[in-house]
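Below is one structure; the comments refer to it alone.
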Amino acid sequence: AQRFFHRPRVSDIKLDAYGSFVWLSIDDVKDVHQLSKELDEKFPKMEKSLSRLIKFLEIMRDNHLIRWKGEKKK
């Protein structure tokens, strides 16, 4: 696909402070609840943190940057 669509092997993805924090917190051990608690501790004034976290994780999964535990590789 890289050759066909003339895409680079590496892409830069810009994340805001919340996204960067979550991305760096993902470690294959923590579940969504644990990530949510850490996000709330780091950003206590963040509104709707759980729903924002879930949406962020869904976007990451849809773009094949993460996968849910037990989910097979495609």
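The values are calculated or read from the model by the stated rules, or taken from the named source; none is laboratory data. All of these numbers come straight from a predicted model, not from anything done at the bench. Virtual Cβ from ideal backbone geometry, glycine too; neighbours counted across all protein chains shown. Accessible surface is based on the protein model in full, side chains and every heavy atom, while ligands, DNA and RNA are left aside. Shrake-Rupley method; radii C 1.70, N 1.55, O 1.52, S 1.80 Å.
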Residues within the range 14-30 that are charged (D, E, K, R) and over 13 Å from I66 (Cβ atoms), tallied: 2
Matching residues in the range 22-67 - criterion: being surrounded by 11 or more Cβ atoms within 10 Å (Cβ to Cβ) and in a loop (DSSP other than H, G, I, E, B): I26, K30, F43, M46, L65, I66, R67
The range 36-50 residues that are closer than 11 Å to S25 by Cβ, paired with ones that are open to solvent by 100 Å² or more (accessible area, probe 1.4 Å) (beta carbon under 9 Å, 6 or more apart): L39/R52
Residue check for K42: more than 10 Å from the chain's Cα centre (by Cα), at pLDDT 95 or above and charged (D, E, K, R): yes
Residues that are closer than 22 Å to V10 by Cβ and hydrophobic (A, V, I, L, M, F, W, C), drawn from the range 22-73: V22, W23, L24, I26, F56, I59, M60, L65, I66
